[in-house]
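Enquirer: What follows is a single structure, and I will ask about it in a moment.
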Amino acid sequence: MNVMVIGGGGREHAMAWCLTKSPRVREIICVPGNAGTMGIATNVDADISDHAALIELVEKHNVSLTIVGPEVPLCAGIVDDFHKAGLRIVGPTAAAARIEGDKAYAKKIMKAAHIPTAEARVFDRVEDAKLYVEAREHGFVVKASGLAAGKGVFVCENNEQGLQAVEQIMVDRAFGKAGDKIIVEELLKGQELSVFALVEGRTIYMLATAQDHKAIGDGDVGPNTGGMGAYSPAPIATPSIMATVERDILVPLVDAMNNDGSPYRGILYAGLMLTPGGPKVLEFNCRLGDPEAQAVLMRLESDILDIFEALADGDISKLGIRWNPQPAVCVVMTAQGYPGPYEQGQTIEGLDSVAELAHVQVFQAGTKQIEQYTVTSGGRVLGVTAMGPDIRVAKSRAYQAVEKIHFNGAYYRRDIADKAIAAKSTS
Ligand code: AMP
Ligand code: GLY
């Protein structure tokens, strides 16, 4: 069958790469895709917010199943529009995707369902938010309530930083309408964990775990990004922690969404902080994480089409997903300036020599092909992903590959997976 993948990041390249391994997939159509998907799929440069245009593409390319990578079209109701047109698509409805698109709503549901999360207050007036921030005596976190590509969250150590964050979100409108409401919440301490699950109503099927690296700088310093690297599995996700996460977080959430009239069907991502008091929710997302997906999907041994079909309209409880037990590490290479304004149009060199390396896959994100050149076209440019018999080897293979790739202004963190290595050496 022909399958369409919506999105153009590393996650979508990784999904398309998995689809190439399915014997049942004939053609993959990526909208818009990137220079990396060009070699394995048909890229179509359409506007992913134009659902009618996407529905036309389904007909034109005889697509049997559509998979949505990013949150923006999901929150805008792409799944609802495809269903109205009688088409098969993987992802939650707009009502269910609110769990990511509206953090104030997510907080409300979590509170009502007694799901452990940071204590939070929601504000829609600048003055109220400022008064509250000024009165805080400890560190806290300020978040835009709407979608902000991972950049609308400010971890504040003092009142001054908090006031600046409020100003940026609500006055300067750095994230547009996403800043109509603001959340000020308790600062949680601990290690972060990304948990992914397939959800179909009240049925939950846990996927492999991963850890992201959100901050731009080594040692988790500096502003937040969409994610600078990831590894899977996360050694801190012990069976007992995962059982707690399922029982105290995922089950009450999917039950609450069912009871609320917005049952969830799709991939659910719980961003967690493992605090001394147990796992607490930082946020829910309505999709796979990126770059986590690159590390997770590199380890997938089952046919991804079976998973997507079960999620679209089958029975996820019958899936028996197999993972390669070897860990995977993904190092993101970004353009100079990211997560602020960044340069584009730099020629990328070295991709060919890395393509020959065993155990390494370069998933492309902000890239495009201009004649024979692959050039940068986004903030996060590449996700250099490697597997190995242990996390140390996976890390060194990923960094050896990174060293072979060059473009002007290339930046990457040098400490991806160090937390996992430390955890392994003390366990
Ligand atoms: P979010 O998009 O809400 O997951 O926030 C992005 C990142 O900001 C998280 O992955 C954390 O690194 C950080 N963060 C968000 N909320 C908190 C919190 N309450 N305490 C500490 N760090 C947080
Ligand atoms: N890597 C974080 C995210 O996808 O939201």
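Enquirer: For a 32 Å ceiling on Cα separation, which of these pairs sit above it: Lys103/Lys395; Lys21/Lys107; Lys404/Lys424; Lys60/Lys107? The partial results should precede the final answer.
Expert: Working: Lys103/Lys395 34 Å; Lys21/Lys107 39 Å; Lys404/Lys424 28 Å; Lys60/Lys107 41 Å.
Table pairs above 32 Å Cα-Cα are Lys103/Lys395; Lys21/Lys107; Lys60/Lys107.
Enquirer: Of Met228, Met38, which has the most accessible area with a 1.4 Å probe, and how do the rest follow in descending order?
Expert: I get Met38, Met228, largest accessible area first.
Enquirer: First compute the accessible area of the range 320-413 with a 1.4 Å probe, then give the percent of it belonging to carbon and sulfur atoms.
Expert: 45
Enquirer: How much length is gained on full extension from Arg125 to Gln372, taking 0.36 nm per residue of separation minus their Cα-Cα distance?
Expert: Numbers: separation 247, 0.36 × 247 = 88.92 nm, distance 5.17 nm.
Additional length available on full extension: 83.8 nm.
Enquirer: Please report the carbon-and-sulfur percent of the accessible area for the range 15-140; probe 1.4 Å, protein heavy atoms only, DNA, RNA and ligands left out. Don't jump to the answer; show the numbers that get you there.
Expert: On the way: 3040 of 5970 Å².
Reported share for carbon and sulfur atoms: 51 percent.
Enquirer: Also: In whole angstrom, how far apart do the alpha carbon centroids of the range 153-196 and the range 288-362 sit?
Expert: Using only Cα atoms, the two centres lie 28 Å from each other.
Enquirer: Residue by residue through the range 161-178, what is 3J(HN,Hα) from phi via Karplus (6.51 cos²θ - 1.76 cosθ + 1.60, θ = phi - 60°)? Round to whole Hz and write x for glycine and proline.
Expert: After applying 6.51 cos²θ - 1.76 cosθ + 1.60, I find 4, x, 5, 4, 5, 4, 4, 4, 6, 9, 9, 6, 6, 4, 10, x, 4, 4 Hz.
Enquirer: Taking amide H positions as placed 1.01 Å from N in the peptide plane, with prolines and chain starts having none, which residues 5 or more places from Ala328, or on another chain, fall under 5 Å of its amide H?
Expert: Ser232
Enquirer: Using only the alpha carbons, work out the radius of gyration and Dmax of the chain in angstrom.
Expert: Over the chain's Cα set, Rg and Dmax evaluate to 20.5, 60 Å.
Enquirer: Mind ranking Glu309, Glu343 by accessible surface for me, highest first, 1.4 Å probe? List each step's numbers first, then the result.
Expert: Values: Glu309 35, Glu343 80 Å².
Ranking Glu309, Glu343 by accessible area, largest first, yields Glu343, Glu309.
Enquirer: Tell me the per residue accessible area of the range 345-427 using a 1.4 Å probe; a whole number in Å² is fine.
Expert: Heavy-atom accessible area per residue stands at 49 Å².
Enquirer: Hey, what number do you get for the chain at 222 nm if only DSSP H runs of n ≥ 4 count, each worth -39500 (n - 2.57), divided across all residues, to the nearest 500?
Expert: That calculation yields -8500 deg cm²/dmol at 222 nm.
Enquirer: Leaving ligands, DNA and RNA out of it, rank Glu59, Glu71 by accessible area with a 1.4 Å probe, largest first.
Expert: Glu59, Glu71
Enquirer: Shifting gears a bit: Kindly report the accessible area of the range 1-95 per residue (heavy atoms of protein chains, probe 1.4 Å, no ligands, DNA or RNA), in Å². Don't skip to the answer; put the middle values down first.
Expert: Numbers: 3570 Å² over 95 residues.
That works out to 38 Å² per residue.
Enquirer: If a paramagnetic tag sat 7 Å from the Cα of Asn2 along the Cα-Cβ line, which residues of the range 55-72 would have the backbone N under 13 Å from that point?
Expert: 55-66
Enquirer: Let me ask something additional. In Å², and per residue, what accessible area does the range 110-230 have when probed at 1.4 Å with the other protein chains present?
Expert: Here the per-residue accessible area is 45 Å².
Enquirer: Here's another thing I want to ask about it. Residues with amide H under 5 Å of Ile29's amide H, sequence separation 5 or more or different chain, H placed in the peptide plane at 1.01 Å from N; which?
Expert: Under 5 Å from the amide H of Ile29 lie the amide H atoms of Val3, Met4, Val5, Thr42, each far enough along the sequence or on another chain.
Enquirer: Spelling out what I want: for every residue of the range 299-307, take phi, set θ = phi - 60°, compute 6.51 cos²θ - 1.76 cosθ + 1.60 (Karplus), and round to whole Hz; glycine and proline get x.
Expert: 8, 6, 9, 6, 6, 5, 5, 4, 5
Enquirer: With θ taken as phi - 60° and the coefficients 6.51, -1.76 and 1.60, list the Karplus ³J(HN,Hα) couplings across the range 199-206 in order, rounded to whole Hz; mark glycine and proline as x.
Expert: Result, rounded to whole Hz: 10, 9, x, 9, 8, 10, 10, 6.
Enquirer: Still on this structure, please answer the following. Non-local amide H neighbours of Thr367 (under 5 Å, H modeled in plane, Pro and chain starts lacking H): which ones?
Expert: Ala35, Ser377
Enquirer: Further question on the same structure: Once the whole set of protein chains is in place, how much accessible area is left on Lys181, using a 1.4 Å probe, in Å² to the nearest 10?
Expert: 80
The values are calculated or read from the model by the stated rules, or taken from the named source; none is laboratory data. Owing to the predicted nature of the structure, the values given are computational and were not obtained by experimental measurement. Glycine also receives a Cβ, built like all others from the backbone with ideal geometry; neighbour counts cover every protein chain displayed. Just so you know, the surface numbers come from the protein's heavy atoms only, side chains and all, with ligands and any DNA or RNA stripped out. Shrake-Rupley method; radii C 1.70, N 1.55, O 1.52, S 1.80 Å.
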